[in-house]
1. Give the relative contact order (percent, whole number) for segment B:186-267; include only Cα pairs under 8 Å separated by 6+ residues.
2. Can you compute 3J(HN,Hα) from phi for each residue in segment A:2-10, using the Karplus curve 6.51 cos²θ - 1.76 cosθ + 1.60 with θ = phi - 60°, rounded to whole Hz and x for Gly and Pro?
3. In a GNM of chain A with a 10 Å cut-off on Cα contacts, which of A:194, A:145, A:19 has the highest mean-square fluctuation?
4. Report, in deg cm²/dmol and to the nearest 500, the calculated mean residue ellipticity at 222 nm for chain B, where each DSSP H run with n ≥ 4 adds -39500 (n - 2.57) and the sum is divided by the residue count.
5. Using θ = phi - 60° and the Karplus curve 6.51 cos²θ - 1.76 cosθ + 1.60, what whole-Hz ³J(HN,Hα) does each residue of segment B:201-209 get, with Gly and Pro shown as x?
6. Quick one: helix A:188-197 against the long Cα principal axis of chain A, what's the angle to the nearest 10°, folded into 0 to 90?
7. What list of ³J(HN,Hα) values in whole Hz, one per residue of segment B:65-70 in order, does the Karplus curve 6.51 cos²θ - 1.76 cosθ + 1.60 (θ = phi - 60°) give from phi, with Gly and Pro shown as x?
8. Just the number, please: percent antiparallel of the DSSP beta bridges in the protein assembly as shown, rounded to the nearest 5.
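Each reported figure results from applying straightforward, stated rules to the coordinates on display, with no laboratory input. Since this is a predicted model, take the numbers as computed values, not measurements. Neighbour counts run over all protein chains shown; Cβ positions are idealised from the backbone, glycine included.
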There are 2 protein chains.
Amino acid sequence: MDEKSLIHIIKSTLKSSYIGDDCAYLQDLGIVITQDSLVEDVHFKRDLITPYQLGYKTVMVNISDVCASGAKPMYLTISLSLSNCLNESFVKHFYEGAKTAAQDVKIVGGDLTGSDKIYISATAIGTDKGRKISSRSNAKPGYKIIVSGEHGSSAYGLKLLLDKSNLCRKEGINNEFIKAHLMPAAQREFSQQIAENASEDYAMMDTSDGLADALMQIAQASDVTISIDTSKIPHNPLICMDTVLYGGEDYQLVAAVPEHLLKKLDNYMIIGHVKEGQSGIEFDNIFYSDIDSKLYNHFKE
Amino acid sequence: MDEKSLIHIIKSTLKSSYIGDDCAYLQDLGIVITQDSLVEDVHFKRDLITPYQLGYKTVMVNISDVCASGAKPMYLTISLSLSNCLNESFVKHFYEGAKTAAQDVKIVGGDLTGSDKIYISATAIGTDKGRKISSRSNAKPGYKIIVSGEHGSSAYGLKLLLDKSNLCRKEGINNEFIKAHLMPAAQREFSQQIAENASEDYAMMDTSDGLADALMQIAQASDVTISIDTSKIPHNPLICMDTVLYGGEDYQLVAAVPEHLLKKLDNYMIIGHVKEGQSGIEFDNIFYSDIDSKLYNHFKE
């Protein structure tokens with residue numbers, strides 16, 4: 001049974017209107033909340049990432065979800081489950097990495113338990129004060145599709161790490177692709193500029209599960225066609241278009257915004273537009289109603 | 001290395017003033033937040049709890065932490081990691097149990113990932129609206145120590161479950177002790193009455209790690225002596241005092257409150273009082289400055 005079918009069961013059991021976006025928007029409290037987990041051998045391998053990098057990435061992954069909502073990231077809690085063979089040094093370096101990534105976001109709690117493998121679950125809270133919150137169902141015909149930066153680098157970095165499992169991690173971090181995979185950066189400024197300046201609804205997601213997946217989620221939730229010119233998607237020329245579109249974990253943002261908002265933004269790349277039509281994506285005028293078979297699946301590729 | 005030493009490392013790495021209570025109180029947002037995890041074979045064994053009970057307990061454990069703060073429980077997110085052999089039926093029953101326990105608290109998000117064993121991490125949010133928030137450092141000489149209900153039942157129920165591992169779980173639930181262990185109830189009303197009526201600071205904790213541990217945490221954080229008359233602690237007469245004091249997971253509340261607040265409360269039992277002196281607990285006039293060696297440790301007993 002795949003994840004999407006199980007999530008459908010959860011939604012129908014809970015009859016919840018909240019589950020759907022990267023964050024749940026709790027309007028009565030003026031906050032958004034997101035919780036994301038990293039599991040050893042599913043999301044990372046212990047010999048390919050240092051404890052510092054793991055703490056760093058845990059925080060960025062969750063801050064990225066808050067940024068996708070447009071809210072200002074404020075607080076984090078982290079639950080860490082560790083086997084007994086991991087010690088003081090692991091915990092210290094993990095939290096040093098977490099603190100560095102958090103910047104002004106405060107880590108305020110969580111818990112620490114035993115387990116066989118490393119299991120990390122973090123929750124991030126953001127405030128809607130002075131910001132308009134996104135929803136993936138807000139894309140409208142005529143809106144432009146913009147991205148915050150290059151795609152494919154993280155998946156390419158993971159490939160390098162897996163191809164060279166004897167690669168020293170300290171050397172690896174000097175490689176820009178491996179760094180993109182191990183220590184991604186949440187796109188706080190891109191998010192802030194859009195959310196503070198938006199007067200109309202807009203759609204935004206992070207590209208943690210791949211750019212194509214994010215575009216498809218927006219297209220389906222908004223019931224529109226998203227038309228993409230793949231030649232406009234920023235990426236390193238070493239990386240093939242399949243990895244640019246379907247490789248995950250870049251933690252860039254993709255947004256569908258009204259054109260007049262663009263003059264208030266500093267750094268963005270237009271890669272397409274929204275139009276009326278069947279829900280799905282056109283890549284260079286070829287229509288896709290679904291992309292499930294190509295989805296990024298970490299180590300199961 | 002024990003959990004308390006590791007938490008000390010986390011606190012010193014983060015230099016966070018928030019970590020300490022069951023919940024972190026985020027005053028600028030008017031909310032409290034708590035995150036707690038349940039790990040297979042550390043906190044539960046799959047053959048001793050049904051998926052429904054596990055969902056139920058996950059929610060109650062986190063709501064209990066919010067109740068300990070005095071805040072009103074509002075929202076939950078749940079991250080669930082499951083091995084591939086667990087299916088649709090597990091997820092459905094887990095969330096049915098979660099929903100039943102949540103009552104009017106809304107489950108608004110989380111994620112679902114793969115793993116070898118079952119890992120569950122939930123986050124609960126409460127609001128401070130109309131309520132005074134507790135801190136374990138708020139106990140003052142002269143305050144009364146009150147509890148919301150019986151102690152020792154959950155640990156006794158776990159003992160029954162472990163002694164009779166062939167006990168049918170459906171039969172087991174008719175046993176009040178096993179029910180106390182598998183499906184504890186968060187003490188929402190006790191919390192609400194105190195938090196809505198308190199005009200002065202008060203200390204409150206849940207007794208998830210045992211009544212003695214909660215009392216010691218309050219005594220140490222408040223730098224006071226807590227004097228307990230063990231004959232006043234409500235418990236089933238089948239259960240020995242060691243289990244009443246040190247058995248965990250009852251999810252009752254224990255509070256240190258000014259005496260004049262008592263007339264506004266309906267259901268409580270006075271078990272002792274706070275006095276000046278060395279930080280620690282007197283059980284029937286015998287002083288303990290520490291109880292670490294007796295702490296409840298799930299399956300490691």
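1. Relative contact order of segment B:186-267: 53 percent.
2. Values, residue by residue: 8, 4, 5, 5, 5, 5, 4, 5, 4 Hz.
3. Highest fluctuation of the listed residues: A:19.
4. That comes out to -9500 deg cm²/dmol.
5. Values, residue by residue: 4, 8, 10, 8, 9, 8, 9, 4, 9 Hz.
6. Between helix and principal axis, roughly 30 degrees.
7. 5, 5, 4, 4, 7, x
8. 75
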